[in-house]
1. Could you tell me what a quarter of the Cα convex hull surface of segment 6-158 works out to, in nm² with one decimal place?
2. Sorted by mean Cβ packing within 10 Å, highest first, what order do the peptides 111-118, 100-107 take?
3. Would you mind checking the pairs 52/100; 27/62; 64/90; 52/74; 93/120; 17/74 and listing those with alpha carbons more than 26 angstrom apart?
4. What's the local net charge at residue 79, with K and R +1, D and E -1, over the other residues with C-beta under 9 Å away?
5. Which order do 35, 29 fall in if you start with the one that has the fewest other Cβ atoms within 10 Å?
Amino acid sequence: MSLVTEEIRSSASEYYKGHEICQQKSKQLLTEVGLPNGLLPLQDIEECGYVKDTGFVWLKQKKKTEHRFEKIGKLVSYAPEVTAYVEQNKIKKLTGVKTKELLMWITLGDIYVDDPPTGKITFKTPTGLFRTFPVSAFEVEEPAKEVKEVNGAGGAAASKEVEVKEV
């Protein structure tokens, strides 16, 4: 059963469908609230939304996925539906995210970074257990936009910038 109802969808400040836009918006939201942009590396996202009044966020993907954060060596499982409440520097009441610890899958409930920033991020379970890691392990470098020189065009054409306006 989905936690996201039509009532929640209709009250959403932001609602998007499609992997590319949802991936972009989820990274943007994480950055806006002071969290690393690589916390939710979901695959094939179908829809996402954000209710600004309550801080409720949801992301729906086609199927459950697993991701290994190589810098810390942790395997994380993301359910088809991930929900949470976001605040500045915090994710609370997180659902749909588990991490493998020894031989068991452990549900995560809260994620937060310290204020003022210490470079550490803490993951907390609903039972109160927690683990702290470097924030850098969850940051994803955004690819820089490359300008390619066209043969025979010279440097003048390559340095020309293109302005894109959103409608």
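1. On the way: hull surface 50.0 nm².
Mean projected area of the Cα convex hull: 12.5 nm².
2. Details: 111-118: 14.4, 100-107: 10.9.
Ranking the peptides 111-118, 100-107 by packing returns 111-118, 100-107.
3. Working: 52/100 31 Å; 27/62 19 Å; 64/90 24 Å; 52/74 31 Å; 93/120 20 Å; 17/74 29 Å.
Cα-Cα > 26 Å for 52/100; 52/74; 17/74; rest within.
4. On the way: positive: 64, 98; negative: 81.
Within the 9 Å Cβ shell, the charges total +1.
5. Details: 35 23, 29 17.
Ascending number of Cβ neighbours within 10 Å: 29, 35.
Rule-based calculations on the coordinates, nothing more; no lab input. Quick caveat: nothing in here was measured; it's all calculated off a predicted structure. FYI the Cβ positions are ideal-geometry reconstructions off the backbone, even for glycines, and counts take in every protein chain you see.
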